[in-house]
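Beneath this line is the structure, given in structure tokens, with notes to follow.
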There are 2 protein chains.
Amino acid sequence: MEQLERERAASGGDGLNVTRRIANDLGRAIVTQRFTADTGFPFESQLCEQYGASRSVVREAVKMLTAKGLLRARQRAGTVVQPEGSWNLLDPDVLRWLMERDFSIDLLIDFTEMRMAIEPRAAGLAANGASGPQRAAIVKAIDRMFAAEQGEDDPLEADIAFHRAVIEASNNRFMRQFTDLSEATLRFSIRRTNAYAGVSRASAIDHRRVANAIVEGNARGASSLMRELIDGALRLLLEAGGHPAHDSF
Amino acid sequence: MEQLERERAASGGDGLNVTRRIANDLGRAIVTQRFTADTGFPFESQLCEQYGASRSVVREAVKMLTAKGLLRARQRAGTVVQPEGSWNLLDPDVLRWLMERDFSIDLLIDFTEMRMAIEPRAAGLAANGASGPQRAAIVKAIDRMFAAEQGEDDPLEADIAFHRAVIEASNNRFMRQFTDLSEATLRFSIRRTNAYAGVSRASAIDHRRVANAIVEGNARGASSLMRELIDGALRLLLEAGGHPAHDSF
DNA sequence: TCACCGCATAAGTCATACTTTTCTTGATTT
DNA sequence: AAATCAAGAAAAGTATGACTTATGCGGTGA
């Protein structure tokens, strides 16, 4: 048991197998720009030595990163880092590495702009076609927000549950890919902007308005109320980031 | 030269290496549900035999698919297909396989709903912060649309160039991931709905309105005009798919 | 009936040899 | 001197075989 513990520590692993550990490490290194297109990227042989691992696992790790658009390998030329434009930024791993790299206000703004695109539309779709259980999940999340206001639940978790439920209820497979991004944004927003707007009674009421519109099948209302909701967060971020104010749209 | 040709044909490859060919083949097989979570997935050994390939390449191919969320391998348990919810649907490869699987009207509607979310917001962002060259690219695309109307350019390509330019001008890294999806949607829409709305003079004028709003820095206008533009396509699709009409939002 | 142990299995890791592609270099030709 | 071509080298791609590790399953005993 202790030996197992020691091995883990020695390998720096978090219970992952060797391949995943190397992929993780290299992925983070690329995203944090420790390797760039200019810098170049180590050869297989060098990576083997560096990690004390066999060629197989190194190659498999590299293959995973090429699958995510971070790398490209060619015979004789070696492995090169791809330009950021071809990274699969919505890939959960890439997203995680990106957030580890710098969770700046600007990144948070980019995230929130995405939410601003996705979630109002999702709310409208939910109003038009959410199933019974999906509507129930939305309503339940609202109840949790009010409970949280009384200290009987966690406000952040309730907030996340609400947004997740709405996106889920859009019944659009592609929009569902954004639940993680939405959740990550909420979790980090609260750290960055020390004023968390989510706990106040006013916020819970605003959220309930969105939920009501969805339940009533009022797509236009749901959409624009959701937009206002997120726009509030966005404006806080823009202000915190020192960006010039502009009209909402 | 001829020998090369023959080898290609024999291996069924399109100039790809063995690993990529297998990954492609398996990826398509999974997405087309030839393998499901219930069905099970072949063991490494079986795949080696099936493809007449070594374990190395099979393992690397499988690793690429796990990186895209399609598979999950565990010792003793074998490799299993993941539920569709954990696939990275925005991954270019997965997207391609998905389109090869069924380019149904419903899929096209899902795509268009995504465009409906992304592009109006992108247009607004472009109005607020597009650079000079970015604005120029948008204007140029509009010129191409009018040229196409005179038979001096390709209408579809001009249309695609316009939407691509707007998304690019959003200067949001995540929105940029949708250029491919947008392009694919346009290319397939024209095949499915034999009435292509893109060639008419009216359409070119509508597009120019969006462009003008962007160039003038009118975010709200750009956003809502873009929404109307795509909403037109969406309504055609909904009608063609036999979906009940509902209010725009 | 239930908990435990050991075995079988399939993926994970390693080492090594060989192949293919492609860049470099330098000799050959014009 | 410039262009062309051929030989060599370098790095990824492929193949094979052996060993390791995790884990599901069935049998054994309390």
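The values are calculated or read from the model by the stated rules, or taken from the named source; none is laboratory data. All of these numbers come straight from a predicted model, not from anything done at the bench. Note that we place each Cβ from the backbone using ideal geometry, even for glycine, and neighbour counts take in every protein chain shown. All accessible areas refer to the heavy atoms of the entire protein, side chains included, with ligands and DNA or RNA removed. Shrake-Rupley method; radii C 1.70, N 1.55, O 1.52, S 1.80 Å.
Observations on the model:
- Close amide H contacts of B:Leu71 (hydrogens built in the peptide plane, cut-off under 5 Å, sequence separation of 5 or more or a different chain): B:Thr66, B:Gln82.
- Note on the protein assembly as shown: Cα-only Rg and Dmax are 24.2, 78 Å.
- Test item: A:110-120 mean partner chain Cβ contacts at 10 Å: 5
- With the convex hull of the Cα atoms taken as the outline of chain A, the averaged projected area works out to 17.4 nm².
- Overall shape of segment A:102-240 was characterised from the C-alpha gyration tensor. The equivalent ellipsoid obtained from it has semi-axes of 22, 18, 13 Å, in decreasing order.
- Accessible surface of A:Thr39 - all protein chains present, 1.4 Å probe, nearest 10 Å²: 90 Å²
- Residues in segment B:129-136 carry Karplus couplings, in order, of x, 5, 6, x, x, 5, 4, 4 Hz; the curve used is 6.51 cos²θ - 1.76 cosθ + 1.60 with θ = phi - 60°, and Gly or Pro positions show x.
- Comment: the Cα-to-Cβ extended label point of A:Ala136, at 7 Å, lies 5.9 nm from its counterparts in the other copies, nearest first.
- When a 1.4 Å probe is rolled over the protein heavy atoms, the share of accessible surface on chain A that falls to carbon and sulfur comes to 48 percent.
- With DNA, RNA and ligands ignored, accessible area of B:Lys140 (1.4 Å probe; Å², nearest 10): 130 Å²
- Per-residue Karplus couplings for segment B:47-60, computed as 6.51 cos²θ - 1.76 cosθ + 1.60 with θ equal to phi - 60°, are listed in order as 5, 4, 4, 4, 9, x, 10, 7, 5, 3, 5, 4, 4, 5 Hz, Gly and Pro entered as x.
- Across peptide B:215-224, the average count of Cβ atoms from other chains found within 10 Å of a residue's Cβ is 2.
- Rounded tilt (10° steps) of A:92-101 against the dominant C-alpha axis of chain A: 80 degrees
- Radius of gyration over Kirkwood radius for segment B:126-179, both on Cα atoms: the Rg/Rh ratio is 1.03.
- Derived scalar couplings ³J(HN,Hα) [segment A:40-46; Karplus, 6.51 cos²θ - 1.76 cosθ + 1.60; whole Hz; x for Gly, Pro]: x, 10, x, 6, 3, 4, 5
- Long-range Cα-Cα pairs in segment B:89-181 (distance over 17 Å), rounded percent: 56 percent
- Chain B: calculated mean residue ellipticity at 222 nm from DSSP helix runs of at least 4, using -39500 (n - 2.57): -21500 deg cm²/dmol
- Accessible surface of A:Trp97, taken over heavy atoms with a 1.4 Å probe and every protein chain present, rounds to 10 Å².
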